[in-house]
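Please treat every number below as a calculation from the coordinates, not as lab data. In this text the structure is predicted, and so the values were computed from the model without any measurement. Cβ atoms come from the backbone with ideal geometry, glycine included; neighbour counts cover every protein chain shown.
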Amino acid sequence: MTGDSRVYRRAGCIDAVWLVDRFVLFDDRDAVVHELNPAASRVWDLLDGAATVADVARTLSRATGVDAIGDIREFVDWLAGRGMITDVRDAGSGAPESTGSA
Amino acid sequence: MNSGSSRGQNADLLAGPYAANGQRFVVECPDARLRRLVASAFVDLLTDAQPLRPTRFRVAPSPEHPGRYEVWRDDELCEIVTSGHLMTHLVWQVTALVLQNCAPRTPVHAAVVAINGRAVLVAGESYAGKSTLAGWLTARGWEFLTDELALLEEVPGGWHVHPFPRPIGLRHPSPLDALLGGSPQHDSESLVPASRLGQVGNAARLSAVVLPGREPGLPRRLSAAHPATALRLLMSHLPHGGIGGRAAFRQVARLTSSVPVFHLGVGDLDVADAQLRALAGPPGAPGGAR
């Protein structure tokens with residue numbers, strides 16, 4: 001399986017609130033807060049445990065007219081490296097993510 | 001108000017009693033010079049009440065590390081520090097005591113000042129100018145609530161901020177140097193009780209969140225800021241995001257989405273003062289900025 005065919009879902013240790021045009025994430029493990037920009041927020045929202053990284057890139061490309069697969073890969077790797085998203089192949093039956101508005 | 005010494009056992013060695021958000025503590029210092037330093041720094045936290053079992057901090061020269069001091073909290077050794085970091089560490093220990101016992105109030109990383117019963121919360125990264133701005137405004141007639149740790153309470157129709165008047169941490173040179181007298185060394189830090197500059201305030205209703213900045217070119221007029229940025233800044237720097245974790249995060253998110261948030265360049269502190277007075281509104285105005 002290539003990187004772009006991987007499927008990720010948001011980790012249960014992350015809480016997320018939507019404020020105006022973006023998500024702010026809270027990591028239960030270290031209490032660090034991350035403010036995503038609007039584009040990163042779209043990616044976060046699409047990492048639902050069903051879409052591949054390539055699917056996410058296609059969806060965003062259709063919406064914006066910009067091919068940002070490189071940026072998306074980099075962001076997904078950043079999230080995965082911090083355990084903020086999990087590869088569904090490795091995830092088992094982990095706790096569902098939390099995403100909501102303030 | 002007493003003079004800074006507690007009666008009772010080892011009274012000659014104690015500074016206090018003090019109260020911070022309801023947490024009572026004393027500081028035991030065998031060294032008289034150090035005890036005077038503690039009494040001076042914590043003067044705004046002095047209380048008349050004689051607590052039954054206050055938290056007892058003890059500061060004493062380390063027998064094993066010459067030139068360093070041991071900081072104890074009750075019977076637990078917290079840290080061994082140099083004399084230069086001793087007071088900063090002690091203030092941090094008191095802050096930690098408040099953080100560990102602040103529920104149901106929500107702690108956030110911010111300075112707070114109030115005028116006419118309305119509070120303005122100043123949130124920013126370290127070195128953004130929170131403490132300097134809070135000190136300057138206090139010297140200009142605002143009431144000081146805190147320079148570092150705001151204690152929030154959600155009430156019907158809004159938010160209250162409770163005071164935690166720990167000494168203001170200043171890095172020199174500071175615009176406040178002229179107000180304080182003396183000539184502090186460049187690149188040094190000092191702890192200044194707010195009462196040296198003005199008045200310490202009581203709990204006040206929160207009317208706005210301000211994100212200060214000192215970057216050249218940053219507008220010196222208030223401009224609308226993103227509530228997400230305020231949420232990130234308010235949740236930063238406190239251990240484990242303060243007490244309450246996810247619940248606190250959600251609560252602060254509600255705050256930043258319900259209270260107006262502004263950027264403000266604070267390169268000119270008098271201009272910042274005028275901007276913030278306009279934001280808080282005149283005496284008797286309902287609610288300040290909305």
Practice prompt. First check a/c for the stretch B:11-100, with a ≥ b ≥ c the square roots of the eigenvalues of its C-alpha gyration tensor; if it is under 1.5, answer rounded, and if not, answer prolate when a/b is larger than b/c or oblate otherwise.
Written response: prolate
Worksheet item: Between B:Tyr127 and B:His85, 0.36 nm times their residue separation minus their Cα-Cα distance comes to what?
Response: 13.3 nm
Worksheet entry | Lys, Arg +1 and Asp, Glu -1 on Cβ, resulting dipole of the stretch B:11-100 about Cα centre, debye, nearest 20 | 160 debye
Worksheet item: Rounded to two decimals, what is Rg over Rh for chain B when you use alpha-carbon atoms and the Kirkwood radius?
Response: 0.97
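Let me know the charge dipole size of the protein assembly as shown about its Cα centre in debye, to the nearest 20, where only the beta-carbon of Lys, Arg (+1) and Asp, Glu (-1) is charged. Display every interim value, and only then the final one.
Values: 38 positive and 41 negative charges, 184 e Å.
Its charge dipole is roughly 880 debye.
Given the rule -39500 (n - 2.57) for each run of at least 4 DSSP H residues, summed and divided by the residues of chain A, what is its mean residue ellipticity at 222 nm, to the nearest 500 deg cm²/dmol?
Per the formula, -10500 deg cm²/dmol.
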Discussion item. Quick check: pseudo-label points 7 Å beyond the Cα along Cα→Cβ at A:Arg58 and B:Ala178, how many nm apart are they?
Written reply: 6.6 nm
Worksheet entry | Computed [θ] at 222 nm, helices only, for chain B once each DSSP H run of length n ≥ 4 contributes -39500 (n - 2.57) | -8000 deg cm²/dmol
Worksheet item: Once the Cα gyration tensor of the stretch B:191-275 is found, what semi-axes does its equivalent ellipsoid get, as square roots of 5 times the eigenvalues, in whole Å, sorted largest first?
Response: 24, 19, 13
Practice prompt. Starting from the Cα of B:Ala278, step 7 Å toward the Cβ, then list every residue of the stretch B:201-238 with an amide N under 12 Å from that point.
Written response: B:220-223
Item to complete: List the pair-distance distribution P(r) of the stretch B:40-164, using every Cα-Cα distance, as the percent of pairs falling in each 5 Å bin from 0 up to the bin containing the longest distance, rounded to whole percents.
Response: 2, 9, 15, 18, 19, 15, 11, 6, 3, 1, 0, 0
Practice prompt. Throw me the Rg/Rh for the protein assembly as shown, computed over C-alpha atoms with Kirkwood Rh, two decimals.
Written response: 1.03
Worksheet item: Once the Cα atoms of helix B:32-41 and of chain B are each reduced to a long axis, what angle between those two axes, in degrees from 0 to 90 to the nearest 10, is obtained?
Response: 20 degrees
Worksheet item: Sequence-distant or interchain residues sharing an amide H contact under 5 Å with B:Ser236, placed H: which?
Response: B:His109
Worksheet item: Quick one: helix B:130-139 against the long Cα principal axis of chain B, what's the angle to the nearest 10°, folded into 0 to 90?
Response: 90 degrees
Worksheet entry | Euclidean distance of C-alpha centroids, the stretch B:142-174 and the stretch B:248-265, integer Å | 15 Å
Item to complete: Write down the percent of antiparallel bridges among all DSSP beta bridges whose residues are both part of the stretch B:117-271, to the nearest 5.
Response: 50 percent
Practice prompt. May I ask for the angle, rounded to the nearest 10°, between helix B:83-100 and the longest principal axis of chain B, with both axes built from Cα atoms and the value confined to 0 to 90°?
Written response: 70 degrees
Fill in: Difference of contour (0.36 nm per residue) and Cα-Cα distance, B:Ala103 to B:Arg33
21.7 nm
Practice prompt. Per residue of the stretch A:57-71, in order, report the coupling 6.51 cos²θ - 1.76 cosθ + 1.60 (Karplus, θ = phi - 60°) as ³J(HN,Hα) in whole Hz, putting x for Gly and Pro.
Written response: 4, 5, 4, 5, 5, 5, 6, 10, x, 10, 8, 10, 4, x, 5
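Considering only the other residues whose Cβ falls under 10 Å of the Cβ of B:Ala194, what net charge follows from Lys and Arg at +1 and Asp and Glu at -1? Working shown, then result.
Details: positive: B:Arg166, B:Arg196; negative: B:Asp44, B:Glu143, B:Asp147.
Taking every other residue near B:Ala194 into account, the sum is -1.
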Discussion item. Of the candidates B:Ser195, B:Ser126, B:Ser183, which one comes out as most mobile in a Gaussian network treatment of chain B with C-alpha springs shorter than 10 Å?
Written reply: B:Ser183
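Once you list every other residue whose beta carbon is under 10 Å from the beta carbon of B:Val26, what net charge do they have if Lys and Arg are +1 and Asp and Glu are -1? Provide the component values of the computation, followed by the final result.
Values: positive: B:Arg24, B:Arg56, B:Arg58; negative: B:Glu28.
In short, +2.
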Worksheet, complete the sentence: Sequence order, the stretch B:172-188: Karplus ³J(HN,Hα) from phi using 6.51 cos²θ - 1.76 cosθ + 1.60, θ = phi - 60°, Hz rounded, Gly and Pro as x, gives 9, x, 10, x, 7, 4, 5, 6, 8, x, x, 9, x, 5, 4, 6, 9
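What net charge do the residues around A:Asp4 carry, taking every other residue with its C-beta under 14 Å from that of A:Asp4, with Lys and Arg at +1 and Asp and Glu at -1? Mind showing how you got there, number by number?
Numbers: positive: A:Arg6, A:Arg58, A:Arg73; negative: A:Asp55, A:Asp67, A:Asp71, A:Glu74, A:Asp77, A:Asp87.
For residues surrounding A:Asp4, the net value is -3.
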Worksheet item: Using unit Cβ charges (K, R positive; D, E negative) and no other charged atoms, how large, in debye to the nearest 20, is the dipole of the stretch B:106-280 about its Cα centre?
Response: 440 debye
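Largest first and in whole Å, what are the equivalent-ellipsoid semi-axes of chain A based on the Cα gyration tensor, each being the root of 5 times an eigenvalue?
20, 18, 11
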Practice prompt. Counting only C-alpha contacts under 8 Å and six or more residues apart, can you give the relative contact order of chain B as a whole percent?
Written response: 16 percent
